[in-house]
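Undergrad: First, the structure itself, so that you have it in front of you.
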Amino acid sequence: MKSVLEKLRDRSARVGVVGLGYVGLPFALEAAQAGYQVTGVERNPERVANVNQGKNYIDDIREADLAREVEAGRLRAQVSFDGVEELDVLIIAVPTPLDKNLVPDLQYVRHVTEELARRLRPGQLVSLESTTYPGTTEEIMRPILERSGLKADRDFFLAHSPERVDPGNKRWQTKNTAKVVGGVGPNSLEVALAFYGSVLESVVPISSAKAAEMVKVFENTFRAVNIALVNELALLCDRMGLNVWEVLDAAFTKPFGIMPFYPGPGVGGHCIPLDPHYLEWKAREHNFRTRFIALAGEVNRAMPEFVRTKAWRILNEQGLAPSRSHILVLGLAYKKDISDWRESPAIEVIKLLRRDGAHVSYHDPYIPVFKHEGLDLKSVELSDEVLRAADLVIITTDHSSLDYARVVREAKHVLDTKNATKAVPDREGKVTLL
């Protein structure tokens with residue numbers, strides 16, 4: 001019988017990917033393109049049907065590539081865990097949210113691990129890609145998997161390899177982004193490196209699964225802290241009557257010792273608003289207070305409220321009360337040129353404005369309908385009439401396809417939280433920056 005390493009060398013290993021979202025589906029496609037036969041396990045039947053029909057629902061995937069692998073029989077999806085025992089490699093890419101108290105919610109990781117434990121056989125590689133706190137693979141997953149009677153790093157292999165997905169990034173995608181890999185022991189590391197190295201361009205071995213988990217939460221905490229720094233600078237510049245964008249543009253001309261970060265209406269996406277709190281929570285177990293992380297979270301979560309304050313300041317100058325105001329929000333996605341709205345600060349901005357009685361509509365070319373988080377909205381057409389009818393237009397996402405010169409020209413006033421109107425001439429007097 002072939003060992004898993006032999007199967008990886010000749011691509012006869014069969015791969016399973018649990019969770020076909022923004023992380024799982026792109027990776028499943030890469031594995032199929034590398035020559036593996038891939039089975040996706042996804043609890044959403046609509047996603048399963050789409051995959052099996054070669055229909056794409058992830059921004060960073062070309063539908064033609066997906067359809068090609070499905071038609072070739074190298075990629076398929078299913079709702080159940082049936083047949084998982086026949087697979088050689090099992091990649092877990094499920095959500096790791098926080099609860100309302102900012103406590104890690106690992107219910108999906110636990111559920112999947114328990115399902116795999118019931119079907120685990122010798123020689124399989126299990127790798128967690130979901131972002132989580134350092135220790136999850138060893139302390140949560142390993143004991144559950146070893147209930148099978150098999151021992152990690154001897155009978156089966158267990159690793160953590162954090163995802164590094166940046167939705168909408170055309171340069172750095174799953175294939176060419178270096179992959180950090182840590183195992184629970186030397187054998188697990190060897191097998192995990194062999195697998196990921198056969199699919200991706202670059203792998204980075206690290207001493208343990210726990211270290212790999214720390215790498216990921218540090219990467220996103222680094223961004224969260226620096227975004228909070230410029231957000232706080234924006235708040236100070238507002239008090240001092242300074243243009244924060246001018247200050248930052250000048251500062252970033254320095255060729256050393258600085259890295260560009262920019263303010264905005266808050267932070268969104270599947271990583272930056274959540275992942276630092278995983279590290280913050282875990283640190284308490286060691287009687288350690290992560291003060292930078294806590295403060296950064298407070299600053300970033302306060303930004304939608306600051307946008308609301310500036311909006312009412314502008315409308316007050318026009319003699320308008322919130323209950324008599326019509327506000328148009330441009331952009332619901334958490335970043336430009338994608339359809340991902342997870343944790344988008346624009347959603348919180350809309351909720352705050354509506355709570356004050358304002359009539360709020362939105363336009364986003366990537367999100368035609370939004371029915372989540374207590375909101376039921378449809379994107380309005382961005383016509384001249386719609387722009388003129390709004391008492392205030394708030395730019396919360398700087399989508400490249402929007403004509404910001406027209407927005408400025410037709411709108412009564414614009415609150416630009418992303419400096420999207422930077423290149424628009426004669427914006428002074430019509431545009432208020434964050």
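The values are calculated or read from the model by the stated rules, or taken from the named source; none is laboratory data. Computed from a predicted structure; not experimentally measured. Ideal geometry is used to build each Cβ from the backbone, glycine not excepted, and the neighbour counts take in all protein chains shown. To get the accessible areas, we keep the full protein, side chains included, count just its heavy atoms, and leave off ligands, DNA and RNA. Shrake-Rupley method; radii C 1.70, N 1.55, O 1.52, S 1.80 Å.
Undergrad: Please go through the stretch 364-378 and give me each residue that is farther than 24 Å from Trp312 by Cβ and either surrounded by fewer than 20 Cβ atoms within 10 Å (Cβ to Cβ) or of a type in the set (Phe, Trp, Tyr) (or both), ordered by number. Give the steps one after another, and end with the answer.
TA: Going residue by residue through the stretch 364-378, those that are farther than 24 Å from Trp312 by Cβ are 365-369, 371-372, 376, 378.
Within the stretch 364-378, Pro365, Tyr366, Pro368, Val369, Lys371, His372, Asp376, Lys378 meet the criteria.
Undergrad: Out of the residues in the stretch 157-213 that are in a loop (DSSP other than H, G, I, E, B) and of a type in the set (A, V, I, L, M, F, W, C), state the one that is farthest from the chain's Cα centre (by Cα).
TA: Pass one, the stretch 157-213, residues in a loop (DSSP other than H, G, I, E, B): 161-178, 184-185, 200-202, 207-208.
Add one more test, that the residue is of a type in the set (A, V, I, L, M, F, W, C), and what stays is 165, 172, 178, 184, 200.
Working: Val165: 7, Trp172: 14, Ala178: 17, Val184: 26, Leu200: 20 Å.
My answer is Val184.
Undergrad: Across the stretch 288-314, what is the number of residues that are farther than 22 Å from Ala358 by Cα and either over 20 Å from the mean Cα position of the chain (by Cα) or surrounded by fewer than 20 Cβ atoms within 10 Å (Cβ to Cβ) (or both)?
TA: Applying the first criterion (farther than 22 Å from Ala358 by Cα) to the stretch 288-314 yields 288-300.
Retained after the next criterion (residues that are either over 20 Å from the mean Cα position of the chain (by Cα) or surrounded by fewer than 20 Cβ atoms within 10 Å (Cβ to Cβ) (or both)): 288-292, 294-295, 298.
Residues that pass the stated criteria total 8.
Undergrad: Now for a different question. So in the stretch 32-61, with the set limited to residues that are modelled with pLDDT of 95 or more and among the polar types (S, T, N, Q), which one is most open to solvent (accessible area, probe 1.4 Å)?
TA: Filtering the stretch 32-61 for residues that are modelled with pLDDT of 95 or more and among the polar types (S, T, N, Q), the one most open to solvent (accessible area, probe 1.4 Å) comes out as Gln53.
Undergrad: Within the stretch 310-317, is there a residue that is out of contact with any helix residue (DSSP H, G or I) (no Cβ under 7 Å at 6 or more places or on another chain), polar (S, T, N, Q) and part of a helix (DSSP H, G or I)?
TA: Checked the stretch 310-317: at least one residue is out of contact with any helix residue (DSSP H, G or I) (no Cβ under 7 Å at 6 or more places or on another chain), polar (S, T, N, Q) and part of a helix (DSSP H, G or I).
Undergrad: I would also like to ask the following. For the stretch 331-434, please list each of the strands (runs of 3 or more DSSP E) lying entirely inside it that holds at least 3 residues being among the β-branched types (Val, Ile, Thr) and at pLDDT 95 or above. Write out each step before concluding.
TA: On the way: elements: 359-363, 369-372, 375-378, 392-395, 414-416, 431-433.
Passing ranges, in order: 392-395.
Undergrad: OK, next. Would you check which residues across the stretch 65-120 are open to solvent by 60 Å² or more (accessible area, probe 1.4 Å), of a type in the set (Asp, Glu) and in a helix (DSSP H, G or I) and list them?
TA: Glu71, Glu85, Glu86, Glu114
Undergrad: Considering only residues that are touching an Asp or Glu at 6+ places or on another chain (Cβ under 7 Å) and either hydroxyl-bearing (Ser, Thr, Tyr) or within 30 Å of Lys210 (Cβ to Cβ) (or both), look in the stretch 237-269 and name the one that is modelled with the lowest pLDDT. Talk me through it step by step, then tell me what you get.
TA: Kept after step one, since they are touching an Asp or Glu at 6+ places or on another chain (Cβ under 7 Å), are these residues of the stretch 237-269: 266, 268-269.
Subsequent filtering for residues that are either hydroxyl-bearing (Ser, Thr, Tyr) or within 30 Å of Lys210 (Cβ to Cβ) (or both) retains 268-269.
Values: Gly268: 87, Gly269: 80.
Applying the filter and picking the extreme gives Gly269.
Undergrad: Collect the residues in the stretch 276-294 that are outside any loop (DSSP other than H, G, I, E, B), in contact with an Asp or Glu (Cβ under 9 Å, 6 or more places away or on another chain) and more than 16 Å from Pro134 (Cβ to Cβ), keeping them in residue-number order.
TA: Ala294
Undergrad: Which one of the conditions (1) touching a residue at least 40 places away in the same chain (Cβ under 8 Å); (2) buried (at least 19 other Cβ atoms within 10 Å of the Cβ) does Ala389 fail to meet, given that it meets all the rest?
TA: With (1) touching a residue at least 40 places away in the same chain (Cβ under 8 Å); (2) buried (at least 19 other Cβ atoms within 10 Å of the Cβ) applied to Ala389, the lone miss is (2).
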